[in-house]
Each structure stands twice: as structure tokens, then as C-alpha cells.
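A short write-up of the structure that comes next.
Bear in mind that the values in this text are calculations on the coordinates, not laboratory data. Nothing here was measured: the structure is a model prediction, and the numbers come from that model. Cβ: placed from backbone, ideal geometry, glycine included. Neighbour counts: every protein chain shown.
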Amino acid sequence: MATLGNNIIVQVQSGNNWVAVAAARTDEIQVDGELMEVANKTSGQWRQFIAGRKTWSVQTNHLVTYAANIREMLQTGTRVKLRIGPATMSTGEYVTGFAWIKSQKLSAPINGLATGVIVFQGDGALE
């Protein structure tokens, strides 16, 4: 069965609590794997690869819910712990990992809703 996007939550650890990225409209989770070319005398003119190291990132697009969100932009460059998974989070079907707040963007159009983007760059394994 398909999962609705609003059932996937990105949370940031704050002390002993997990705080959801408020008013999230879109969460994008990306995991990339490096491919390393290897030489093989039997492959002739065909290239061959083996799996290398992995990296991950999360980007969340959200509505700005209060003016204090502007102050939160000062957290760019901070290392945080993320938890990503179903809205219930009680099933243990989530993943966690440390990430750096790589960048933040705030868009505030006149007569429109203010929106924000946070990019988290994974630091180590996403487990």
C-alpha cells in the first residue's frame, strides 16, 4: 500500500525529546552510493565497478510558523541528531543519524505564505 507523505516525519533531537520539523510540506531523503571502477583483465573493453562509500542528506521544505524561525537560521553549521520515519514512531520503523545543518533558506513573499528550506548533510551512517 502506498504511503502518504504526511505520514513520514523528520524529527530533530532536542535534549531527551524529539521535535518534528514543524509544518513540513515536503521532505526529501537521498542516499547516494559511490561506484569505483576496477580493472579486470577478462572484461576487455567493458568497464566494471564495485560499491564504494555512501552518503545521505535530507531536505525539508516547510511553512514558517512564527517569526522566531528567522532566528533558527543561526543554527546553520550545527550538528544534530535526526530521526526519520512513520508518524507513530512507536513501531521502530525509523532511521536515525547525525547530520550537519548545511543550509537554510527563508522565502517571504509579500501577501504570500512564508516558507523555509533546511538541508541536512549526513555525518556517518543512517541506521
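Using the Cα centre of the chain as the reference point, and only Cβ charges (+1 on K/R, -1 on D/E), how large is the resulting charge dipole? Debye, rounded to the nearest 20.
Working: 11 positive and 9 negative charges, 42 e Å.
Here the chain has a charge dipole of around 200 debye.
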Collect residues whose amide H, placed 1.01 Å from N in the peptide plane, falls under 5 Å from the amide H of Ala114; neighbours closer than 5 in sequence don't count. Val64
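Which net charge results for the neighbourhood of Ala87, defined as the other residues with beta-carbon distances under 13 angstrom from its beta-carbon, given Lys and Arg at +1 and Asp and Glu at -1? Numbers along the way, then the final one.
On the way: positive: Arg83; negative: Asp27, Glu93.
The answer is -1.
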Note the full-extension length gain between Glu37 and Gln121 as 0.36 nm times their separation in residues minus their Cα-Cα distance, in nm to one decimal. 27.7 nm
What residues have an amide H closer than 5 Å to that of Thr76, excluding those fewer than 5 places away on the same chain, when H is modeled at 1.01 Å from N in the peptide plane? none
What net charge do the residues around Ile9 carry, taking every other residue with its C-beta under 15 Å from that of Ile9, with Lys and Arg at +1 and Asp and Glu at -1? 0
Charge dipole of segment 13-80 built from unit charges on the beta carbon (Lys, Arg +1; Asp, Glu -1), centred at mean Cα; most positive-end Cα among Thr65, Ala24, Gly44 is Gly44
Across 5 Å bins beginning at 0, the whole-percent shares of Cα-Cα pair distances in the chain come to 2, 9, 17, 19, 16, 11, 8, 6, 5, 4, 2, 1, 0, 0
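Given the -39500 (n - 2.57) contribution per DSSP H run of 4+ residues, what per-residue ellipticity at 222 nm results for the chain, rounded to the nearest 500 deg cm²/dmol?
On the way: 1 runs with 4 residues, N = 127.
Rounded to the nearest 500, the figure is -500 deg cm²/dmol.
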Each residue of segment 23-39 in turn: what ³J(HN,Hα) in whole Hz from Karplus with 6.51, -1.76, 1.60 and θ = phi - 60°, glycine and Pro shown as x? 6, 5, 9, 8, 10, 10, 10, 10, 10, 10, x, 7, 10, 10, 6, 10, 8
Scoring the chain by relative contact order with C-alpha pairs under 8 Å, at least six apart, yields a percentage of 26
